[in-house]
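Input: a single structure, listed below in structure tokens.
Only the coordinates and a few stated rules stand behind these numbers; no lab work does. What you see is a predicted model; the values in this text were computed from it and never measured. Ideal geometry is used to build each Cβ from the backbone, glycine not excepted, and the neighbour counts take in all protein chains shown.
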Amino acid sequence: MTTVPAMSADPSLAATAARRLALLRLGSPALPIGGYSYSQGLETAIDRSWVRTEADMRTWLEDLLEASIGRFDAPLVHALASAVAADDAARSARLHESYLGARESAELRAETLQMGRSLLQLVEGLDGLPEGTREATRNLLATGDCALPLAWAWAARGLRIGPDEALAAWLWAWLENQVTAAMKAIPLGQQAGQRLFSALAPALAASAARAATLAEDDWSSFAPGFAMCSSWHETQYSRLFRS
């Protein structure tokens, strides 16, 4: 009887695959932090007939990426992930306060704090994390409010994901949440949703590349229509999504 020798995996390839799997995990809609329950003002834009079709939805997303998500949220998430990875507590705290200060409605603030806390609780319960990660998440849970980007940065560190990958996961999770919300609320079909993913992928990649190098003085979150929709949604009579 001939014994076939066991094949050993290339450690570098295994490490790369592990990072990719961790990246998919962080950006997955199955991540139990409640993202599916929010529309970030989109439901009001639909209710007011600002967004009625697949083409409208594409324009809404492209405009948000250009005016706000890609110019403020994205560079801040990248900077926070970098600060947390470098143990720069002072910069982490400053960026965290900047993000909270830029939430323009009670709804947006409540969303990021709820999801941030849920993500910290998830990370705190995981095994095999790098030294200090669980202690840091416990401290954040104990000391008060934590917005999602800061929790995201610690989750990325715990899962051994670098700032570039953490940002890619963040942007994809945002896009997937928005498209899924549109599919429910407009409504759009599954095929339309997939067309939107394909259409927005280049803009998403461009936003990620720009965010990684955009100087902090050039960050901007000026999107008044988005802010008004989020504020109006707090008192909208009929809603599918959480406020």
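Of the numbered conditions (1) in a loop (DSSP other than H, G, I, E, B); (2) over 19 Å from the mean Cα position of the chain (by Cα); (3) not basic (K, R), L214 fails exactly one; give the number of that condition.
(2)
Consider the stretch 29-52. How many of its residues are in contact (Cβ under 8 Å) with a residue 40 or more places away in the chain and within 17 Å of A169 (Cβ to Cβ)?
Of the residues in that region, 7 qualify.
Conditions: (1) free of Cβ contacts under 8 Å to residues at least 24 places away in the same chain; (2) over 17 Å from the mean Cα position of the chain (by Cα). F197 meets all but one. Number of the miss?
With (1) free of Cβ contacts under 8 Å to residues at least 24 places away in the same chain; (2) over 17 Å from the mean Cα position of the chain (by Cα) applied to F197, the lone miss is (2).
Tell me, please, whether a residue that is more than 17 Å from the chain's Cα centre (by Cα) and without any contact (Cβ under 8 Å) to a residue 40 or more places away in the chain can be found in the stretch 147-154.
Keep residues of the stretch 147-154 that are more than 17 Å from the chain's Cα centre (by Cα), which gives none.
Scanning the stretch 147-154, I find no residue that is more than 17 Å from the chain's Cα centre (by Cα) and without any contact (Cβ under 8 Å) to a residue 40 or more places away in the chain, so the answer is no.
Could you pull out the residue among T133, T143, T137 that is surrounded by 21 or more Cβ atoms within 10 Å (Cβ to Cβ) and of a type in the set (S, T, N, Q)?
T137
Residues in the stretch 69-77: is at least one without any contact (Cβ under 8 Å) to a residue 40 or more places away in the chain, part of a helix (DSSP H, G or I) and either of a type in the set (D, E, K, R) or over 30 Å from Q236 (Cα atoms) (or both)?
No, the stretch 69-77 contains no residue that is without any contact (Cβ under 8 Å) to a residue 40 or more places away in the chain, part of a helix (DSSP H, G or I) and either of a type in the set (D, E, K, R) or over 30 Å from Q236 (Cα atoms) (or both).
Enumerate the pairs (first residue in the stretch 115-141 and under 20 Å from W170 (Cα atoms) and touching a residue at least 12 places away in the same chain (Cβ under 8 Å); second residue anywhere and basic (K, R) and surrounded by 20 or more Cβ atoms within 10 Å (Cβ to Cβ)) with beta-carbon separation below 8 Å, excluding pairs fewer than 6 apart on the same chain, so at least 6 apart or on different chains.
These pairs meet every condition: T133/R157.
Do we find that E176 is in contact (Cβ under 8 Å) with a residue 60 or more places away in the chain and over 17 Å from the mean Cα position of the chain (by Cα) in this structure?
Values: in contact (Cβ under 8 Å) with a residue 60 or more places away in the chain: yes; over 17 Å from the mean Cα position of the chain (by Cα): no.
When the stated conditions are applied, E176 does not pass them.
Going residue by residue through the stretch 51-67, is there one that turns out to be part of a loop (DSSP other than H, G, I, E, B), hydroxyl-bearing (S, T, Y) and more than 21 Å from Q191 (Cα to Cα)?
Scanning the stretch 51-67 turns up no residue that is part of a loop (DSSP other than H, G, I, E, B), hydroxyl-bearing (S, T, Y) and more than 21 Å from Q191 (Cα to Cα).
Can you work out which of the residues in the stretch 222-243 that are more than 18 Å from W60 (Cβ to Cβ) and of a type outside the set (K, R) is surrounded by the most Cβ atoms within 10 Å (Cβ to Cβ)?
S243
If you check A208, A199, A215, which single one turns out to be more than 21 Å from Y36 (Cβ to Cβ) and in contact with a Lys or Arg (Cβ under 8 Å, 6 or more places away or on another chain)?
Testing whether each residue is more than 21 Å from Y36 (Cβ to Cβ) and in contact with a Lys or Arg (Cβ under 8 Å, 6 or more places away or on another chain) leaves just A199.
For Q114, only one of the following conditions fails: (1) under 23 Å from T44 (Cα atoms); (2) assigned to a loop (DSSP other than H, G, I, E, B); (3) under 19 Å from the mean Cα position of the chain (by Cα). What is its number?
Going through the list (1) under 23 Å from T44 (Cα atoms); (2) assigned to a loop (DSSP other than H, G, I, E, B); (3) under 19 Å from the mean Cα position of the chain (by Cα), Q114 breaks only (2).
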